[in-house]
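Notes to accompany the following structure.
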There are 2 protein chains.
Amino acid sequence: MVVELISVGTELLLGNTVNTNACFLAEKCAILGLSLYYQTSVGDNEQRLAETIQTAQKRSDVVILSGGLGPTQDDLTKEVVANVMGKTLIEDEHTKERINDYFTKSQITITENNWKQAFVPEGAIVVDNENGTAPGVIMEENGKTVILLPGPPNELIPMFMNDIYPYLNKLQPETIYSKMVKVCGVGESTAETMIKDLIDNQTNPTVAPYAKVGEVHIRVTARAKDEEEAKKMIKPVVKELKARFGKNVYSTDENETLEEAVIKLLEKNELKVTTAESCTGGMLAARLVNVPGVSEVFREGFVTYSNKAKRKILSVQKSTLKKYGAVSEKTAKEMAKGGVFATDTDVCVAITGIAGPDGGTEEKPVGLVYIACYIDDKVTVREFNFKGNRSKIREQSVVKALTLLRECILDVYGK
Amino acid sequence: MVVELISVGTELLLGNTVNTNACFLAEKCAILGLSLYYQTSVGDNEQRLAETIQTAQKRSDVVILSGGLGPTQDDLTKEVVANVMGKTLIEDEHTKERINDYFTKSQITITENNWKQAFVPEGAIVVDNENGTAPGVIMEENGKTVILLPGPPNELIPMFMNDIYPYLNKLQPETIYSKMVKVCGVGESTAETMIKDLIDNQTNPTVAPYAKVGEVHIRVTARAKDEEEAKKMIKPVVKELKARFGKNVYSTDENETLEEAVIKLLEKNELKVTTAESCTGGMLAARLVNVPGVSEVFREGFVTYSNKAKRKILSVQKSTLKKYGAVSEKTAKEMAKGGVFATDTDVCVAITGIAGPDGGTEEKPVGLVYIACYIDDKVTVREFNFKGNRSKIREQSVVKALTLLRECILDVYGK
């Protein structure tokens, strides 16, 4: 089945907004096994939007439009779609009530133009918006489907996942089901080599790797007559991937992040962690604090950017800094040890490196980063040579620090 | 002049990559005063790509394609464009040498397929790639232009800014020149109201506000016969904006970030700063460390997520935490003061708040954040009620903290 995406909004054509919706929808369509050949962004312009919809309808089975469902005069996606399909807009009582409730709850006065959002094309399926006023719309005609979604990602994403994803899955002759195997501590090309046979030889389920910063996510997707059957087909492949990547698999949950997996591991082993950061300057701590409820395992962290701070807060020896320098294996080790002794924690991860663009030498080039983890009276340190600009080097450092922390816990506690 | 963007790459249609190139190019086209009506993403497919180019050529003066210039068989943008325009590809000696140099310098062995990148359509203008092997290409025919750019942003952006931007500017009857006025500490709608007359009444120069997280950027763009003339026209408008927003203007440099402006201010007044963060968990410190050479003014920072850490590291009183709670004006003030006294710094910014999704009460809802700044024996504290999810609340907190820090320095030191 062929699908096409149309993003509506002049803000996209002025470069005010990065089109993350298109990426989100494209990924979900790929998971659903839908063929996406074209994605078009067009402004809030009646004629150009109508032409774009007509072109898309000719070459696709499903057209998904996002944006332009707001209450203002500029928002005309619904009106244009109705016009192109020869439908009139009629007031939907249910949506009218929902909008009324929405405004009552948020204690905002309804302005007259908001009622425009209660109108939908005749015969359309109305999809409730849990996070805003504009309803989603599904229109079916002559075996073809047009779907209208609101533009704000916090409205579009939940609506798509709750209602549109299952709807599209049902449209197809087979059910699509997929599972993500998330791997850390293995490079992209190594990971691809390790599963080349699986990628090349399997058509159902399919195996597809996605490279992320410092991680590889592998999606296993099966098509079957129902979800149960698809799950059964996926199971041995996921098992095989787990066998090949072993401890490097940190999750098979689509939504679990590396920091969440690490926090869970700390909780499971009743460990408290602290951070000692130089070049990352707080990014590692900030990433741990991404996880709500982190306070059980993370209570304090240090940014020790200067040598003096490393000495004062983390008790790094003056002689170490003098002899080996701030960016050295020895300093990283002392930072990690110092972090544990400066707090009442069990583990400390320390990062020290040269993020650039200045400060590099032939001996210690930009990108050289040492990461150490102190746990159970042992300290493990790793040297990295990252490529990229300042922000890329710091981002990779954080992922490698989380990876090292995870490995050290598993080594000591086995779970 | 009408321009159209075509992004080529199956990875875009699979949702593996967010199309930041399209946003970058759209913004630059807007600055150049070009009208962009359509942006299309299409896969590495000969027929569909050819059709997309033909459609774009019919309705636009300039077509910019990005991606698909790589050395592999999948990369066929150049081949398809040449075919559509009835041109043959010929080997470009200069590019061949450049590719040879590139590989020699990076000490990588050239594989045979790399030479494919030395071929360009006959009669085309070749644009050197400073950061990769694929050259850019400009083709002119019958008053229309087709431009080919490499897909990786680190190749596309410098090539566009160095060569394509000036080329497009010259194509137009007038020169376009613009300046950005960056404002912090003023809400989006307030800012728009303050300059509504400038937006509405001026056509040349134009005034356009862009809302960023906690900031508003206002672009002033003039069209004139040459750059000098355009600069002259912009000057009084920028002056007027500076008069209206006063101290809230932190930069008129396109590339300067808020953290850079703050760091400069600290340097100018020879001040050292420290950070004391709870809900942001290191994000503020990390943002300061975004700036290379920050070590002159920022040497250490603290993440005090638990009450115990607030007490131990920042000397927040037990009674304060008990009576007012960790998220309170009083705690924020004591954190900021404690930060200065725990270090040898002059200023401390402290953040404490409820980032959610849990932990909110009727009295202290999710989004309540206190930010304090201690400087020159005085402490200033502000209360915020942010909307949005955990990450949005934390992001806004960091911007407001930088804004408060900036204001406090200006209040005390006047510069």
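Here, each number is a calculation from the coordinates, and none is a lab measurement. As the structure is a computational prediction, the values presented were derived from the model and not from experiment. No Cβ is skipped: glycine too gets one built from the backbone with ideal geometry, and neighbour counts run over all protein chains shown.
So in chain B, what percent of DSSP beta bridges are antiparallel if you round to the nearest 5?
Taking every DSSP beta bridge within chain B, about 65 percent pair in antiparallel fashion.
Any chance you could tell me what percent of the C-alpha pair distances in the stretch B:2-171 go past 28 Å?
That fraction is 16 percent.
Give the nm distances, rounded to one decimal, from A:Ala211 to the matching residue in every other copy, measuring between label points 7 Å along Cα toward the beta carbon; shortest first.
The answer, with the shortest distance listed first, is 3.7 nm.
Using the C-alpha gyration tensor of the stretch A:238-378, what are the square roots of 5 times its eigenvalues, in whole angstrom, with the largest one first?
29, 19, 14
Sticking with the crude label model, points 7 Å out along Cα→Cβ, report the distance from B:Arg382 to B:Phe103 in nm, one decimal please.
5.6
If you take every DSSP beta bridge fully contained in the protein assembly as shown, what fraction is antiparallel? Give it as a percent rounded to 5.
65
Give me the base-10 log of I(q)/I(0) for the stretch B:313-415 at each q in 0.22, 0.23 Å⁻¹, Debye formula, one uniform scatterer per Cα, rounded to two decimals.
-1.13, -1.19
Provide the gained length on full extension for the span A:Glu256 to A:Tyr413, in nm with one decimal, where the gain is 0.36 nm per separating residue minus the Cα-Cα distance.
The A:Glu256-A:Tyr413 span can extend by a further 54.4 nm.
Connecting C-alpha atoms closer than 10 Å in a GNM of chain B, tell me which of B:Glu79, B:Glu227, B:Glu362 has the biggest fluctuation.
It is B:Glu362.
Given an 8 Å cut-off on Cα distances and at least 6 residues of separation, report the relative contact order of the stretch B:175-251 as a percent.
44
Which cross-chain or sequence-distant (5 or more) residues have an amide H under 5 Å from the amide H of A:Glu256, H modelled 1.01 Å from N in plane?
Counting only residues 5 or more places away or on other chains, the set is empty.
Enumerate the calculated ³J(HN,Hα) couplings along the stretch B:357-369 in order (Karplus 6.51 cos²θ - 1.76 cosθ + 1.60, θ = phi - 60°), each rounded to whole Hz, writing x wherever the residue is Gly or Pro.
Calculated HN-Hα couplings, in order: x, 9, x, x, 10, 5, 6, 10, x, 4, x, 6, 9 Hz.
Separation between the A:Lys96 and B:Glu11 pseudo-spin-labels, each 7 Å from Cα along Cα→Cβ, expressed in nm?
5.1
Applying the Karplus parametrisation 6.51 cos²θ - 1.76 cosθ + 1.60 with θ = phi - 60° to the phi angles of the stretch A:95-109, what ³J(HN,Hα) value in whole Hz is obtained for each residue in order, glycine and proline being reported as x?
Computed from phi, the couplings for the stretch A:95-109 are 5, 4, 4, 4, 5, 4, 4, 4, 6, 4, 4, 8, 6, 10, 6 Hz.
Would you please calculate the Kirkwood hydrodynamic radius of the stretch B:175-251 over all C-alpha pairs and express it in Å, rounded to one decimal?
12.4
Which angle between 0 and 90 degrees, to the nearest 10, do you get for helix A:329-341 versus the longest principal axis of chain A when only C-alpha atoms count?
The helix A:329-341 is inclined about 80 degrees to chain A.
At what distance in nm do the modelled label points of B:Ser35 and B:Lys392 sit from each other, each positioned 7 Å from its Cα along Cα→Cβ?
According to this spin-label approximation, the distance is 3.5 nm.
Take chain A, connect every pair of alpha-carbon atoms lying under 10 Å apart with a spring to form a Gaussian network, then pick out the residue of A:Ile99, A:Ile110, A:Ile234 with the largest mean-square fluctuation.
Judging by the Gaussian network model, the answer is A:Ile110.
Once the piece of chain linking A:Asn131 and A:Ser315 is laid out straight, how much longer is it, given 0.36 nm per residue of separation minus the C-alpha distance between them?
Full-extension gain reported as 61.2 nm.
Taking all pairs of distinct Cα atoms, average 1/r, flip it, and tell me the Kirkwood hydrodynamic radius of the stretch B:118-260 in Å to one decimal place.
The answer is 17.5 Å.
Between copies, how far apart are the B:Ile90 label points? List them in nm, one decimal, shortest first, with each point 7 Å from Cα toward Cβ, please?
6.6
At a threshold of 8 angstrom on Cα-Cα distance, excluding pairs fewer than six apart, so keeping six or more, what relative contact order does the stretch B:1-90 reach in percent?
Value for the stretch B:1-90: 38 percent.
Please report, for A:Glu270, the nm distances (one decimal) from its label point, 7 Å out from Cα along the beta-carbon direction, to the equivalent points in the remaining copies, shortest first.
The answer, with the shortest distance listed first, is 5.4 nm.
For chain B, modelled as a GNM with alpha-carbon contacts under 10 angstrom, which of B:Asn21, B:Asn162, B:Asn142 fluctuates the most?
Largest GNM mean-square fluctuation: B:Asn142.
Give the long-range amide H neighbours of B:Tyr210: residues separated by 5 or more places, or on another chain, with amide H under 5 Å away, using H modelled in the peptide plane at 1.01 Å from N.
HN-HN under 5 Å from B:Tyr210: B:His217, B:Ile218, B:Arg219.
Output ³J(HN,Hα) for the stretch B:164-174: one whole-Hz value per residue in order, computed from phi by the Karplus curve 6.51 cos²θ - 1.76 cosθ + 1.60 with θ = phi - 60°, and x for Gly and Pro.
7, 4, x, 4, 5, 4, 6, 4, 8, x, 10
Return the percentage of antiparallel bridges among DSSP beta bridges fully within the stretch B:2-129, rounded to the nearest 5 %.
The antiparallel fraction comes to roughly 20 percent.
Only Cα pairs under 8 Å and at least 6 apart count here; give the relative contact order of chain A as a rounded whole percent.
Once normalised by length, the contact order is 10 percent.
Add -39500 (n - 2.57) for each DSSP H run of 4 or more in the protein assembly as shown, then divide by its residues: what number comes out at 222 nm, to the nearest 500 deg cm²/dmol?
Taken over the protein assembly as shown, the calculation gives -12000 deg cm²/dmol.
What aspartates and glutamates does B:Lys96 reach when the alpha-carbon gap must be under 16 Å and sequence neighbours fewer than 8 apart in one chain are set aside?
Within the straight-line cut-off, B:Lys96 pairs with B:Glu112, B:Glu122, B:Asp128, B:Glu130.
Starting from 0 in steps of 10 Å, tell me what percent of the Cα-Cα pairs of the stretch B:128-199 lands in each bin.
P(r) over the stretch B:128-199, rounded to whole percents: 15, 31, 22, 22, 10, 0.
Ranking A:Thr257, A:Thr361 by Cβ neighbours within 10 Å, fewest first, what do you get?
A:Thr361, A:Thr257
For the rotation that superimposes chain A on chain B, which residue of A has the C-beta lying nearest to the axis, and at what distance in Å?
Per the A/B rotation axis, the closest residue of A reads A:Gly282, 1.
Kindly express, to the nearest 10 degrees and within the range 0 to 90, the angle between helix B:46-59's C-alpha long axis and the longest C-alpha principal axis of chain B.
Taking the Cα atoms of chain B, the angle to B:46-59 is about 80 degrees.
Need one number: convex hull volume per residue for the stretch A:212-280, Cα atoms only, in Å³.
About 123 Å³ per residue, rounded to a whole number.
Residues of A:17-25, mean number of Cβ from any other protein chain within 10 Å of their own Cβ, rounded to a whole number?
Across the residues of A:17-25, the mean count of other-chain Cβ atoms within 10 Å is 5.
Strictly over 28 Å apart at the Cα level, which of A:Lys182/A:Lys308; A:Lys387/A:Lys415; A:Lys310/B:Lys312; A:Lys116/B:Lys400 would you flag in this model?
A:Lys182/A:Lys308; A:Lys387/A:Lys415; A:Lys116/B:Lys400
What residues qualify as long-range amide H neighbours of B:Lys272, i.e. H under 5 Å apart, gap of 5 or more or another chain, H built at 1.01 Å from N?
Under 5 Å from the amide H of B:Lys272 lie the amide H atoms of B:Asp346, B:Val347, each far enough along the sequence or on another chain.
Going by Cα centres, the stretch A:369-415 and the stretch B:334-407 are how many Å apart?
For the stretch A:369-415 versus the stretch B:334-407, the Cα centre distance is 30 Å.
Place a point 7 Å from Cα of B:Ser295 in the direction of its Cβ. Which residues in the stretch A:322-361 have their backbone N less than 11 Å from it?
So the set is A:325-327, A:353-356, A:358-360.
For the protein assembly as shown, I need the span (max minus min coordinate) of the C-alpha atoms along each principal axis, in Å, sorted largest to smallest.
If we take the Cα atoms of the protein assembly as shown, the spans are 70, 65, 63 Å.
So what's the Cα pair-distance distribution over chain B, bin width 20 Å, in %?
Histogram of Cα-Cα distances, whole percents per bin: 23, 41, 31, 5, 0.
Which order do B:Asp75, B:Asp226 fall in if you start with the one that has the fewest other Cβ atoms within 10 Å?
B:Asp226, B:Asp75
Roughly how large, in nm² to one decimal, is the mean projection of the convex hull of the alpha-carbon atoms in the stretch A:76-157?
Its average projected convex-hull area is 5.5 nm².
I'd like the distance between the alpha-carbon centres of the stretch B:248-303 and the stretch A:89-160, rounded to an integer number of Å.
43
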